[in-house]
Amino acid sequence: MSPRLNHARPGAVLAAALTLGLIAGAASAASIAWTGGVNADWDINATANWTGDATVYNEGDAVTFDDTSANPDAVSLTTTLNPGSVTVDAGRDYAFGGAGPLTLQGVNAFTGDVDLDGGLFGFSQYGAALTEESYVFLSYTGARTGAAGGAAPVGYAVAYDDAAKTVSLVAIPEPSTLSLLILGLALVAVRARRRA
């Protein structure tokens, strides 16, 4: 399935089939907005489809998809792309397709609903080893539908918290920790039965 980012109504962003990653990267080199003036290709340092600090995209740029573009075509990802940030703030839908995955770095916040059906989470280039119990990499303000596939790093799982409106990597307890938890719960249950 091709990556697709929809904007169903002003203030609501739906994201599907995006590769979301924890990527160690440099600060954004430029802040640019999509025009699609030449064609629908999102490539690296080739096609002048952008406006702002630069007219071509380079890795690490902060990119915006807003109402600047009059090009109704799906944005064609010509290769693997690693923008510094992606903002979608438009009164129209944006669809992403093509050869390369779209990799979002760090924590990604969307205003409105997030649709992850058919999506794929990928985690690479951590820089430093994961040491925390939880890493939030996606937050949203509306509702979440669907769940993305993909492999989490060893010892972690992808967790969906609809109350907090976040998607996180969370540490999986070691078997000994889990065993102790189960044993403790069993002892509490036995003690509760004795009191009854």
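The values are calculated or read from the model by the stated rules, or taken from the named source; none is laboratory data. Since the model is a prediction, treat every value here as computed from it, not as a measurement. Note that each Cβ is placed from the backbone with ideal geometry, even for glycine, and that neighbours are counted across all protein chains shown.
Things worth noting here:
- Residue in region 128-136 that is at pLDDT 75 or above, farther than 20 Å from F96 by Cα and under 14 Å from the mean Cα position of the chain (by Cα) present: yes
- Answer from A54, A46, A27, A70 - the residue that is farther than 26 Å from A151 by Cβ, part of a loop (DSSP other than H, G, I, E, B) and at pLDDT below 90: A27
- Of the candidates L169, L185, the single residue that is within 37 Å of the chain's Cα centre (by Cα) and over 30 Å from L138 (Cα atoms) is L185.
- Count - residues of region 51-90 that are over 21 Å from the mean Cα position of the chain (by Cα) and surrounded by fewer than 19 Cβ atoms within 10 Å (Cβ to Cβ): 12
- Screening V158 with (1) over 13 Å from the mean Cα position of the chain (by Cα); (2) of a type in the set (A, V, I, L, M, F, W, C); (3) closer than 17 Å to E132 by Cα gives one miss only, at (1).
- Which numbered condition V170 fails, given (1) among the aliphatic types (A, V, I, L, M); (2) over 23 Å from L81 (Cβ atoms); (3) assigned to a strand (DSSP E or B); (4) at pLDDT below 80: (4)
- Filter result (in a strand (DSSP E or B) and surrounded by 15 or more Cβ atoms within 10 Å (Cβ to Cβ)) within region 133-158: Y135, V136, F137, L138, S139, Y140, R144, Y156, V158
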